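Each remark here refers to the structure printed beneath this line.
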Amino acid sequence: MSRFFLTAICLWLLIGCHHVSHSENSVKSISEFALIPKVNQIEDASGSLQIRAKLDFNWKTNQNEDLKNRITQQWQQIITDQGTDDASTLLEIIIDTTLDLKSEESYHLEIHEHGITISALSDEGVYRAWQTLRQMLYLKGEHSIGCGLIIDFPKYSYRGAMLDVARHFFSVDEVKRYINQLAFYKINYFHMHLSDDQGWRIHIDRWPLLTEIGGTSQVDGGEAGFYTQDEYQDIVQYAAERFITVVPEIDVPGHTNAALASYAELNCDNKKRDRYYGREVGFSTLCVDKEITYQFVEDVIREISQITPGPYFHIGGDETHATPEEDYIQFINRVIPLVGKYGKKVIGWDEINLGELPPDAVVQYWANTENAVNGVQKGAKVLMSPASYAYLDMKYDSLTPIGYHWAGYIDTQRAYSWTPETLVEGVEKENIIGIEAPLWGETITNSDDIEYLAFPRLLGYAEIGWSERGDSRTWDEYKKDLAIHGKLFEKLGIHFYRDPKVNWLTASD
Ligand code: ACM
């Protein structure tokens with residue numbers, strides 16, 4: 001037990017939370033809340049705190065006006081009942097870099113008779129704590145919350161979600177809507193798959209035809225699109241305000257038909273390809289023998305890296321069936337150092353294990369265990385996205401109207417029932433940076449579709465990535481918590497799949 005924890009417990013016993021509300025029997029104690037991801041330590045105390053619509057801050061140091069305003073606004077969206085008097089709830093924020101906490105995301109959240117105290121090393125920890133508190137406010141039922149202390153920290157530092165905006169284009173607003181939903185479940189990385197055979201989705205100043213031509217196609221046609229660099233930065237900023245880091249992906253050397261349709265010189269035969277509206281994969285490749293190819297890739301990496309504050313750049317590298325292996329290795333061995341040159345760490349799908357990997361490289365395991373193990377043996381870290389457990393575009397079952405099933409059906413129970421550090425022999429906990437749930441876009445066209453495939457499975461991934469429950473984590477326990485989030489999905493307007501294995505509660509329950 002940490003010294004800070006002991007001090008916190010003593011203080012809290014001393015100050016007391018002994019005020020006993022007249023309605024205590026109906027007040028939820030904090031350990032009863034269906035918090036997802038499950039918090040790591042929780043202790044109930046006697047007494048309760050009245051929750052008021054009016055919020056008073058006591059922000060001890062480094063007050064973040066933007067975060068304060070957003071907390072206030074969200075608080076008032078949830079707590080609408082003003083009550084009969086003018087009382088308020090006190091929210092005390094203590095940011096102290098000397099606290100004995102495990103990471104910037106760790107926090108203590110205390111409910112005591114005088115108010116609520118959040119302690120963290122930085123705004124990021126405050127933000128994660130706020131998501132816990134937000135869930136409690138939504139789920140509390142009565143006007144009070146039982147007293148107690150939560151000590152929470154993430155198991156893995158990378159808990160991601162990927163959205164494929166290339167197969168179908170999603171507007172800035174649709175992307176922000178998803179980011180906002182991710183934040184509520186403490187997801188902290190948002191990977192954007194920005195280019196593929198069917199579309200190129202980010203403007204590149206030095207190569208404007210990429211979006212003029214490559215931005216106009218998508219699966220099955222219809223109105224496609226792309227992000228200007230300002231729009232991309234707007235998304236990055238929106239995510240950063242929610243303490244989510246954007247990871248841009250430009251998939252090379254395969255999955256490049258949209259680029260090959262935009263510029264003849266990227267093709268070995270100097271002939272532009274036709275735009276592509278189908279769903280097949282593995283037929284396209286950049287011309288690895290041409291210098292112009294590397295100038296192109298470098299320009300793209302430079303321009304995107306300059307407007308991406310996060311540490312990673314994802315080079316794709318998957319399913320390069322049209323690139324002979326020798327050529328593939330030659331290509332990625334030239335491209336990986338370009339990522340470093342512009343100050344980023346490289347991530348690639350597990351196929352990149354064939355290249356020379358710098359020590360800070362990340363291999364994203366999706367299909368081939370040998371690739372992941374080989375990456376580890378070369379000193380890389382692994383990001384766990386096993387297709388048969390973590391691909392959000394897999395159907396729940398044979399009746400699911402959208403999605404694929406090449407990696408099997410993944411119902412909500414299966415999505416929850418795996419452990420990153422025991423899945424692949426030779427990939428141990430210390431090799432893993434975290435987990436990511438990719439959502440490929442061939443079959444989805446709008447926010448309803450995104451939400452239907454992501455919710456409720458995403459909550460399971462959020463919990464696997466965050467909670468240290470280890471072997472004690474069971475589906476039977478989790479599905480009771482998940483059922484209660486049906487209420488939240490309704491309140492938040494999330495269009496989710498009502499998996500029949502879960503006894504969903506509704507907003508009126
Ligand atoms: C992939 O699903 N091709 C990474």
* Conditions (1) in contact with a Leu (Cβ under 9 Å, 6 or more places away or on another chain); (2) more than 19 Å from D173 (Cα to Cα); (3) assigned to a helix (DSSP H, G or I): number failed by L453 -> (2)
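Considering only region 155-182, state which residues are of a type in the set (G, A, S), surrounded by fewer than 24 Cβ atoms within 10 Å (Cβ to Cβ) and closer than 13 Å to W466 by Cβ. Spell out the reasoning first.
Kept after step one, since they are of a type in the set (G, A, S), are these residues of region 155-182: 157, 160-161, 166, 171.
If we keep only those that are surrounded by fewer than 24 Cβ atoms within 10 Å (Cβ to Cβ) as well, we get 157, 171.
S157, the sole residue that qualifies.
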* Structure fact -> Quick count over region 282-297, residues being surrounded by 15 or more Cβ atoms within 10 Å (Cβ to Cβ) and not basic (K, R), is 10
* Quickly run through region 485-509 and pick out the residues that are part of a loop (DSSP other than H, G, I, E, B) and touching a residue at least 40 places away in the same chain (Cβ under 8 Å). => I494, H495, F496, Y497, D499, K501, V502
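Let's see how each residue does on (1) of a type in the set (G, A, S); (2) surrounded by 15 or more Cβ atoms within 10 Å (Cβ to Cβ); (3) modelled with pLDDT under 95:
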site: I36; (1), (2), (3): no, yes, no
site: D44; (1), (2), (3): no, yes, no
site: L49; (1), (2), (3): no, yes, no
site: T61; (1), (2), (3): no, no, yes
site: N69; (1), (2), (3): no, no, no
site: Q76; (1), (2), (3): no, no, yes
site: A87; (1), (2), (3): yes, no, yes
site: L90; (1), (2), (3): no, yes, no
* Asked: Between residues in region 359-370 that are over 14 Å from I315 (Cβ atoms) and away from the ligand (no atom under 14 Å from the Cβ) and residues that are at pLDDT 95 or above and hydrophobic (A, V, I, L, M, F, W, C), which pairs lie under 6 Å by C-beta distance while being six or more apart or on different chains?
  -> T369/V424
* Asked: Do you know which residues across region 373-414 are among the charged types (D, E, K, R), in a loop (DSSP other than H, G, I, E, B) and more than 16 Å from the ligand (Cβ to nearest atom)?
  -> K378, D397, D411
* Is it the case that region 301-310 has a residue that's at pLDDT 95 or above and either under 28 Å from Y404 (Cα atoms) or in contact with a Gly (Cβ under 6 Å, 6 or more places away or on another chain) (or both)? -> no
* Of L453, L482, L459, which residue is within 16 Å of the ligand (Cβ to nearest atom), aliphatic (A, V, I, L, M) and in contact (Cβ under 8 Å) with a residue 24 or more places away in the chain? -> L453
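Check G470, G465, G493 and return the single one that is of a type outside the set (V, I, T), exposed (fewer than 14 other Cβ atoms within 10 Å of the Cβ), at pLDDT 95 or above and within 21 Å of the chain's Cα centre (by Cα). Lay out the reasoning, then the answer.
Working: G470 fails: at pLDDT 95 or above; G465 fails: exposed (fewer than 14 other Cβ atoms within 10 Å of the Cβ).
The match here is G493.
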* Structure fact -> Cβ pairs under 6 Å, 6+ apart or interchain, first in region 305-326 and under 13 Å from D251 (Cβ atoms), second among the charged types (D, E, K, R) and away from the ligand (no atom under 16 Å from the Cβ), ordered by first then second residue, are F313/K344
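Can D448 be described as modelled with pLDDT under 95 and out of contact with any Pro (no Cβ under 8 Å at 6 or more places or on another chain)? Reasoning before the result, please.
On the way: modelled with pLDDT under 95: no; out of contact with any Pro (no Cβ under 8 Å at 6 or more places or on another chain): yes.
For D448, the condition - modelled with pLDDT under 95 and out of contact with any Pro (no Cβ under 8 Å at 6 or more places or on another chain) - is not met.
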* Asked: So is D476 surrounded by 13 or more Cβ atoms within 10 Å (Cβ to Cβ), more than 18 Å from the chain's Cα centre (by Cα) and either over 19 Å from M162 (Cα atoms) or at pLDDT below 95 (or both) or not?
  -> no
* Structure fact -> All conditions in (1) surrounded by 15 or more Cβ atoms within 10 Å (Cβ to Cβ); (2) among the hydrophobic types (A, V, I, L, M, F, W, C); (3) touching a helix residue (DSSP H, G or I) at 6+ places or on another chain (Cβ under 7 Å) are true of V300 except (3)
* Could you grab the pairs with beta carbons closer than 8 Å, sequence gap of 6+ or different chains, first residue in region 57-79 and at positive phi, second one part of a helix (DSSP H, G or I)? => N62/D123
* **Members of region 313-354 that are more than 23 Å from N267 (Cβ to Cβ) and assigned to a loop (DSSP other than H, G, I, E, B)** => Y342, G343, K344
* Positions within region 240-271 being surrounded by 18 or more Cβ atoms within 10 Å (Cβ to Cβ), closer than 30 Å to L67 by Cβ and charged (D, E, K, R), in sequence order -> R242, E249
* Being in a loop (DSSP other than H, G, I, E, B), among the hydrophobic types (A, V, I, L, M, F, W, C) and away from the ligand (no atom under 16 Å from the Cβ) is the filter here, so list the residues in region 425-440 that pass it. => V427
* Asked: If you scan region 237-257, which residues turn out to be within 16 Å of the ligand (Cβ to nearest atom) and of a type in the set (A, V, I, L, M)?
  -> V247, I250, V252
* Please indicate, with yes or no, whether at least one residue in region 90-107 is within 21 Å of L149 (Cβ to Cβ), among the basic types (K, R) and out of contact with any strand residue (DSSP E or B) (no Cβ under 9 Å at 6 or more places or on another chain). => yes
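Restricting to region 345-358, name every residue that is without any contact (Cβ under 8 Å) to a residue 40 or more places away in the chain and either within 18 Å of V297 (Cα to Cα) or away from the ligand (no atom under 16 Å from the Cβ) (or both).
K345, V346, G348, W349, I352, G355, E356, L357, P358
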* **Elements of type helices (runs of 4 or more DSSP H) in region 162-265, at least 2 residues being of a type in the set (D, E, K, R)** => 172-184, 229-241
* Asked: List the pairs whose first member sits in region 376-400 and is on the phi > 0 side of the Ramachandran plot and at pLDDT 95 or above, whose second member is away from the ligand (no atom under 13 Å from the Cβ) and not β-branched (V, I, T), and whose Cβ atoms are under 9 Å apart, counting only residues at least 6 apart or on separate chains?
  -> G379/L357; G379/P358; G379/P359; G379/A361
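The values are calculated or read from the model by the stated rules, or taken from the named source; none is laboratory data. Keep in mind that what you see is a predicted model, and the values were worked out from it rather than measured. Positions of Cβ are backbone-derived with ideal geometry, glycine not excepted, and every protein chain shown enters the neighbour counts.
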